[in-house]
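The values are calculated or read from the model by the stated rules, or taken from the named source; none is laboratory data. As the structure is a computational prediction, the values presented were derived from the model and not from experiment. Cβ coordinates were reconstructed from backbone atoms using ideal geometry, including for glycine residues, and neighbour counts include every protein chain displayed. Side chains are part of the model used for accessible areas, which takes the heavy atoms of the whole protein and leaves out ligands, DNA and RNA. Shrake-Rupley method; radii C 1.70, N 1.55, O 1.52, S 1.80 Å.
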There are 2 protein chains.
Amino acid sequence: MTEHTVKSFDDELTHLSNTISRMGGLAEAQLAGALQALANRDSDLAVRIAASDAQVDVLEQDVQHFTVRLLALRQPVAADLRHIVAALKIASELERIADYAANVAKRSLVLNQQPAVKPVGAVINLGRLVQTILKDIMDAYVEQDVAKAIGVWNRDEEVDDLYTGLFRELITYMMEDPRTITACTHLMFMAKNIERIGDHATNIAETLHFLVVGTPLKGARPKGPSVEAQ
Amino acid sequence: MTEHTVKSFDDELTHLSNTISRMGGLAEAQLAGALQALANRDSDLAVRIAASDAQVDVLEQDVQHFTVRLLALRQPVAADLRHIVAALKIASELERIADYAANVAKRSLVLNQQPAVKPVGAVINLGRLVQTILKDIMDAYVEQDVAKAIGVWNRDEEVDDLYTGLFRELITYMMEDPRTITACTHLMFMAKNIERIGDHATNIAETLHFLVVGTPLKGARPKGPSVEAQ
């Protein structure tokens, strides 16, 4: 293999990392926009966020085609192979994250047809927590920082606890005032979407650990056998 | 390439197809079990179904490792490459389908702690429809039957319509009797899980079309910009 070919393969791997980082940035922006649309009852923004989901989908397709080509042409082994497989997995997680953010935006459109209800604030708080987790895991990816990835992994329990409390709050709220049932059921699905974004950030943490260290993250996943798992 | 090597590659592709079929069978069994547990308020069965999800996860891991190895060692092109990439995608869809079925089972455990509510029947009807769709798409995969795949793809709208009607029914039911709110919110998430299984069957139809015909399924996806998309 000539020096030129080796350099070009490095360039290809860098291109792959950059595409993943860009997808991460777009996914973060989607979540931020969805939360802003929810907080401000801003239907115009919600429509834009819902439509922007296609950008992330296109990038995921790019990553899929690019990695299949790399695998076929370069026959990578060891760390290079892990790098490529990790990129494929992380792209898929980010696509789903952006998809969930788009869903939050779509539901906020429906919510805006209902009178405002108080638990919106709690859903936004959950969103803010998951935003920091998503930011941290993408920083960890760029810096190949395993300690930061483990930190993200450990915070999934915090998200689950906040979500479970919110779920109960919404049930109580609906029981006390059945006129809020429609709005609260949509908030419930939005909270679930946000909680799932946290799960996917945790998946990225696991993939990142495998990428850098070469072994799976030890120990049981930091969550119980929750009935809210999906 | 010797005849032996060629034959061995065919064997590998057949092994891949067989593993996908087996995953499909397990996913179908998981959904059937979850619906039975729900219909009969059978908590023992629900626990077994929730635990069986791990089997499908293991098979998906197998498919991932096997396909990466095939891509690296065989450098397949054209139809063989499509076959391998399709297997990877379909395995991922089936893993998610089994995951959603496990979630239906887990939620039925929670539901069994509440008095029975009438809309359970409508959720089971939705499940029966999605069961036939899942069966049809796995038959289409085994037979490489594109017409059947297109049939599945077209039926996603039916699932969405039934789901939307059910969502409204549950809201009405909760408003009329707020004591049913907890049970009905769990039924709502179960219905959403089942509707998502239908979406993943539709994804498999699209992948199968690409696998056999070599082009994407033409025309817009047979569903509107639903707020219930996730």
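Rundown of residues vs (1) polar (S, T, N, Q); (2) crowded, with 18+ Cβ neighbours inside 10 Å; (3) more than 14 Å from chain B (Cβ to nearest Cβ); (4) at positive phi, yes/no style:
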| site | (1), (2), (3), (4) |
| --- | --- |
| A:102 | no, yes, no, no |
| A:118 | no, no, yes, no |
| A:121 | no, no, yes, no |
| A:136 | no, yes, yes, no |
| A:141 | no, yes, yes, no |
| A:157 | no, no, yes, no |
| A:165 | no, no, yes, no |
| A:174 | no, yes, no, no |
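All of A:95, A:60, A:158 fail the test of being over 15 Å from residue A:27 (Cα atoms) and not polar (S, T, N, Q), apart from A:158. Residues that are hydroxyl-bearing (Ser, Thr, Tyr), more than 17 Å from residue B:23 (Cβ to Cβ) and touching a helix residue (DSSP H, G or I) at 6+ places or on another chain (Cβ under 9 Å) within region B:96-139 comprise just one, B:108. The set of residues in region A:176-207 that are polar (S, T, N, Q) and either within 11 Å of chain B (Cβ to nearest Cβ) or outside any helix (DSSP H, G or I) (or both) comprises A:180, A:182, A:185, A:193. For region A:59-66, state whether one or more residues are within 23 Å of residue A:13 (Cβ to Cβ) and within 16 Å of the chain's Cα centre (by Cα). Yes, that holds for at least one residue. Filtered by the rule that a residue be more than 10 Å from chain A (Cβ to nearest Cβ), among the aliphatic types (A, V, I, L, M) and surrounded by fewer than 19 Cβ atoms within 10 Å (Cβ to Cβ), region B:63-89 gives B:78, B:79. Kindly provide the set of residues from region B:64-83 that are in contact with an Asp or Glu (Cβ under 9 Å, 6 or more places away or on another chain) and at pLDDT 85 or above, ordered by number. Correct list: B:66, B:70. Checking the structure you have, find out if any residue of region B:9-16 is more than 23 Å from residue B:136 (Cβ to Cβ) and within 12 Å of chain A (Cβ to nearest Cβ). For region B:9-16, residues more than 23 Å from residue B:136 (Cβ to Cβ) and within 12 Å of chain A (Cβ to nearest Cβ): absent.
Going by the conditions given, is residue B:125 more than 9 Å from every other protein chain (Cβ to nearest Cβ), open to solvent by 10 Å² or more (accessible area, probe 1.4 Å) and free of Cβ contacts under 8 Å to residues at least 40 places away in the same chain? Considered against the rule, which asks whether it is more than 9 Å from every other protein chain (Cβ to nearest Cβ), open to solvent by 10 Å² or more (accessible area, probe 1.4 Å) and free of Cβ contacts under 8 Å to residues at least 40 places away in the same chain, residue B:125 comes out as yes.
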